[in-house]
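These notes are about the structure you will find just below.
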Amino acid sequence: MSSSDRSAGIGRPPPLGALDLEAHLRDPRARQAFVTPMFDTIAPRYDRFTRLFSFGMDARWKRDVVAWAAAPPWPGSRVLDLACGTGDLAFGVAAAREDVHVLALDASPRMVEQAQARRSRERAADRVRIGTGDMMALPFADASFDIATVGYGFRNVPEWTRALDEVARVLRPGGRLVSLDFFRPEQALWRTLFLAWLSAAGNAVGWAWHREPVVYGYISRSIDHFVSWETFARALQQRGFQ
């Protein structure tokens, strides 16, 4: 299927501003219906936005993820990159370890298109496969992978605990999970200030770039509906992670 065929099949995303974001965030059955078209909308400018919005720190954070993921438990590792976006982590890990093969998945078809478009300028592209997929229902056998990387993924799925169960299932014993995300601050004052700034800045950029404030204003709302890093760490320990 050609790129133009894929684009024609995806179609135009719905107007996100007309949707009730809070209702979609509260209801796991409805959440993906907002999240996937939102990422389809922002995909062409996603890399530029993450660098701008994090004051350049996103690149450093992802270098840290790649370093953790590339530290070898075994030679010839199979790596699963979930919520792959435009492929920063998938291509980064493949470039850092010449003996690994990476399978990268994202729920957004347009994000996958952006990642595929990078192949011509990535030296490790021949060891990276990219496709669409659901973090909560991975089509792989138990213990299929040595390493899993997840960039801003658990916060955006309808049921993050279910996605975490799936990652634990497909990792082999002793495997490694490296996750990068924003978590809900437990301290009330800091949470209020932090989320208010994210909301204002995100809405402004969303309007300026897409005439859809909610596409980046979503970030603060999704964090407020997520869990603290302490809660996430306990969930990891309950599933056997150290």
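Among the residues of region 114-126, is there at least one that is over 25 Å from His101 (Cα atoms) and polar (S, T, N, Q)?
Pass one, region 114-126, residues over 25 Å from His101 (Cα atoms): none.
Among the residues of region 114-126, not one is over 25 Å from His101 (Cα atoms) and polar (S, T, N, Q), which makes the answer no.
Can you name the residue in region 116-134 that is of a type outside the set (D, E, K, R) and surrounded by fewer than 24 Cβ atoms within 10 Å (Cβ to Cβ) and is also farthest from Ile42 (Cα to Cα) among such residues? First the steps, then the outcome.
Quick first cut of region 116-134, residues of a type outside the set (D, E, K, R) only: 116-117, 120, 124-125, 128, 130-133.
Add one more test, that the residue is surrounded by fewer than 24 Cβ atoms within 10 Å (Cβ to Cβ), and what stays is 116-117, 120, 124-125, 131-133.
Details: Gln116: 16, Ala117: 16, Ser120: 22, Ala124: 26, Ala125: 23, Gly131: 18, Thr132: 17, Gly133: 18 Å.
Here the residue is Ala124.
Give the residues of region 45-88 that are open to solvent by 20 Å² or more (accessible area, probe 1.4 Å) and assigned to a loop (DSSP other than H, G, I, E, B), sorted by residue number.
Phe55, Gly56, Ala71, Pro72, Pro73, Trp74, Pro75, Gly76, Ala83
How many residues are touching a Phe, Trp or Tyr at 6+ places or on another chain (Cβ under 8 Å) and under 27 Å from Glu159 (Cβ atoms) when one looks only at region 36-90?
13
Across region 28-38, what is the total count of residues that are open to solvent by 40 Å² or more (accessible area, probe 1.4 Å) and either in contact with a helix residue (DSSP H, G or I) (Cβ under 7 Å, 6 or more places away or on another chain) or charged (D, E, K, R) (or both)?
The qualifying residues number 2.
Quick check on my filter: what residues within region 149-161 are more than 14 Å from Gln32 (Cα to Cα) and over 13 Å from the mean Cα position of the chain (by Cα)? I'd like the intermediate steps shown before the answer.
So in region 149-161, the residues more than 14 Å from Gln32 (Cα to Cα) come out as 149-152, 161.
Passing the criteria: only Thr161.
For region 50-63, what are the residues that are more than 24 Å from Ala200 (Cβ to Cβ) and either in contact with a Leu (Cβ under 6 Å, 6 or more places away or on another chain) or in contact (Cβ under 8 Å) with a residue 60 or more places away in the chain (or both)?
Scanning region 50-63 gives a single hit, Lys62.
If the Cβ limit is 9 Å and pairs must be 6+ apart or interchain, which residue in region 121-134 that is touching a residue at least 12 places away in the same chain (Cβ under 8 Å) pairs with which residue that is open to solvent by 100 Å² or more (accessible area, probe 1.4 Å)?
Ala124/Glu98; Arg127/Glu98; Arg127/His101; Val128/His101; Arg129/His101; Gly133/Pro139
Out of region 183-194, which residues are of a type outside the set (Lys, Arg) and surrounded by 16 or more Cβ atoms within 10 Å (Cβ to Cβ)?
Those that are of a type outside the set (Lys, Arg) and surrounded by 16 or more Cβ atoms within 10 Å (Cβ to Cβ): Phe183, Pro185, Phe194.
Condition (residue is in a helix (DSSP H, G or I), under 19 Å from Leu80 (Cα atoms) and either small (Gly, Ala, Ser) or open to solvent by 20 Å² or more (accessible area, probe 1.4 Å) (or both)) applied to region 168-177: is it met by at least one residue?
Yes - at least one qualifying residue is present in region 168-177.
State whether one or more residues within region 198-217 are farther than 18 Å from Gly17 by Cα, acidic (Asp, Glu) and either modelled with pLDDT of 95 or more or in a loop (DSSP other than H, G, I, E, B) (or both).
no
Considering only residues of region 113-139 that are modelled with pLDDT of 95 or more, of a type in the set (S, T, N, Q) and part of a helix (DSSP H, G or I), which is nearest to Gly85 (Cα to Cα)?
Within region 113-139, the match that is nearest to Gly85 (Cα to Cα) is Gln114.
Please pick out the residue among Arg239, Arg211 that is without any contact (Cβ under 8 Å) to a residue 12 or more places away in the chain and either more than 26 Å from Pro75 (Cα to Cα) or open to solvent by 50 Å² or more (accessible area, probe 1.4 Å) (or both). Talk me through it step by step, then tell me what you get.
Numbers: Arg239 fails: without any contact (Cβ under 8 Å) to a residue 12 or more places away in the chain.
Arg211 is the lone residue from the list that is without any contact (Cβ under 8 Å) to a residue 12 or more places away in the chain and either more than 26 Å from Pro75 (Cα to Cα) or open to solvent by 50 Å² or more (accessible area, probe 1.4 Å) (or both).
Test Arg110 against the stated conditions and say whether it is open to solvent by 10 Å² or more (accessible area, probe 1.4 Å) and either part of a helix (DSSP H, G or I) or in contact (Cβ under 8 Å) with a residue 60 or more places away in the chain (or both).
For Arg110, the condition - open to solvent by 10 Å² or more (accessible area, probe 1.4 Å) and either part of a helix (DSSP H, G or I) or in contact (Cβ under 8 Å) with a residue 60 or more places away in the chain (or both) - is met.
The values are calculated or read from the model by the stated rules, or taken from the named source; none is laboratory data. Worth saying up front: this structure is predicted, and the values here are computed from it rather than measured. Ideal geometry is used to build each Cβ from the backbone, glycine not excepted, and the neighbour counts take in all protein chains shown. Heads up: the accessible areas ignore ligands, DNA and RNA and are worked out on the full protein's heavy atoms, side chains in. Shrake-Rupley method; radii C 1.70, N 1.55, O 1.52, S 1.80 Å.
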